[in-house]
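To keep things clear, I will list the structure first and then write my remarks on it.
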Amino acid sequence: MLSTQRARLQGILSTFNPLVNREKIPAIAPEPDAKRQINRSPRYAFVFLEILNQEGGIQSYVRDIFQAYLSGEGNARADVFLLRDRADCDNPFNLAPLNFHYFGNRTSWRGRANLLTALFKFLLLHHPDRVFCGHINLAPPIQHLCQLLGIPYTVLTYGKEVWEELNPAKTKALQNAAEIWTISRYSRDRACEMNDIEPSKVKFLPCVVDGSVFTPAPKSPQLVQQYDLEGAKVLMTVARLWSGDRYKGVDVTIRALPEIAKAFPNVKYLVIGRGDDQPRLQQLAQDLGVGDRVVFAGFVPTEALPDHYRLADAYIMPSQEGFGIVYLEAMACGIPALSGDSDGSADPLQDGKVGWRVPHRDSAAVAAACIEILKGEDPRCNGEWLREQCLAKFSKEALARQLQTLLQA
């Protein structure tokens, strides 16, 4: 039996890199006896690509999940396997009941082989109640390992990585998962439509905002002076300015500025972010005669973002997002928000209950909505109410409650 499983592990590993055949596959110890399996405490395994060494939306989201897991009372022991993170990284989550295993390696295929080998041994020795696969790129080998040992697995998805038709191996891994967790209805609908997935197996674990960090406060006089915003009505966007991310809609907002300026001659547009598309955006502003109204602030570190949100009278991003945590950050600061109307922002904006949703490439619609927001007469401009509605569904406490619900289901 064990020799057969060891041979199948060799086959699984070599599928993902033929050079793996050169690696010695460690001997596999016997599975714990049935009595110990019946009486043992619950246990989980989480597998992620990279969480601690890089910054990004997925990394931030998973760190929030770790924090939520640690905040839960009586959570089962969980082993976390990290493909690209190294053991010498700063890990504030390395606390019971989480136990971390690191596989960062200069040779990517070797790190992947080491992770899959270690994961297989762990699954065989401990037979956890469930494996949580943290990225679609890891789903095919995890499917093989879990099915080999009869262990259910859940795949976590986020956005664009599952919005298109996937290759057969990834599609099969999603279709055979016990559950799929995702961040929004839009991501669920796109993934299910493109990959023939039963929607009922998709559960929601949305992005959240730290309400103790993103709070309402007066505009910083230093930043007002730095960006020359004295007396201005300020629109703001936080986004990558890469040419591949034009869907963020910064150019659409710039095109809307001439019309907005007719109603609010003191309007300015503060753009936070950097990337290779900035020269095009600057030229567009110049060509439209609004170059003096657009302020490119460049990169702003995470700890400085709350003060920057507080500069805004409206957060504007007519985008196509899987979710859009920036909308939550703005609303938690009491700033009204505008998004696109055909993406995952429907969830943070609660289908328009707490914000404006417009066709994402329609500059006229953006202009009209911005004018309405800047007038401040709509109830959705009430910062105190906006923050309350935002945190009721998307606070870290709400995430901890939802995580517990999913784990106990």
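The values are calculated or read from the model by the stated rules, or taken from the named source; none is laboratory data. Because the structure is predicted, anything quoted here is derived from the model rather than measured. Here the Cβ positions follow ideal geometry from the backbone for every residue, glycine too, while neighbour counts run over all protein chains shown.
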- Test: residue in region 261-269 that is buried (at least 16 other Cβ atoms within 10 Å of the Cβ), on the phi < 0 side of the Ramachandran plot and not in a strand (DSSP E or B): yes
- Would you check if residue 390 is under 19 Å from residue 186 (Cβ atoms) and either at pLDDT 95 or above or charged (D, E, K, R) (or both)? yes
- Message: Just to verify a result, which residue in region 118-149, among those that are outside any helix (DSSP H, G or I) and at negative phi, is surrounded by the fewest Cβ atoms within 10 Å (Cβ to Cβ)?
- Response: 129
- Query: How many of the residues in region 150-160 are crowded, with 16+ Cβ neighbours inside 10 Å and at pLDDT 95 or above?
  - Reply: 6
- Counting only residues in region 356-374 that are over 13 Å from residue 320 (Cα atoms) and touching a helix residue (DSSP H, G or I) at 6+ places or on another chain (Cβ under 6 Å), the one surrounded by the fewest Cβ atoms within 10 Å (Cβ to Cβ) is identified as 371
- Task: Can you give me the number of residues within region 96-117 that are assigned to a helix (DSSP H, G or I) and not aromatic (Phe, Trp, Tyr)?
- Result: 9
- Message: Go through (1) under 21 Å from residue 274 (Cβ atoms); (2) in a strand (DSSP E or B) for residue 251 and report which single condition fails.
- Response: (2)
- Could you tell me which numbered condition residue 328 fails, if it satisfies all but one of (1) under 19 Å from the mean Cα position of the chain (by Cα); (2) in a loop (DSSP other than H, G, I, E, B)? (2)
- helices (runs of 4 or more DSSP H) wholly inside region 165-246 that include at least 1 residues being over 21 Å from the mean Cα position of the chain (by Cα) and either surrounded by 15 or more Cβ atoms within 10 Å (Cβ to Cβ) or aromatic (Phe, Trp, Tyr) (or both): 168-175, 221-226
- Message: Anything in region 65-95 that is part of a helix (DSSP H, G or I), crowded, with 20+ Cβ neighbours inside 10 Å and touching a helix residue (DSSP H, G or I) at 6+ places or on another chain (Cβ under 7 Å)? List them, or say none.
- Response: 65, 68, 69
- Task: Name the single residue, out of those in region 346-355 being in contact with a strand residue (DSSP E or B) (Cβ under 9 Å, 6 or more places away or on another chain) and in contact (Cβ under 8 Å) with a residue 40 or more places away in the chain, that is surrounded by the fewest Cβ atoms within 10 Å (Cβ to Cβ).
- Result: 346
- What helices (runs of 4 or more DSSP H) lie completely within region 360-409 and have 3 or more residues being among the polar types (S, T, N, Q) and under 30 Å from residue 179 (Cα atoms)? 396-408
- Task: Return a yes/no flag: does region 304-317 have any residue that is outside any helix (DSSP H, G or I) and farther than 25 Å from residue 212 by Cα.
- Result: no
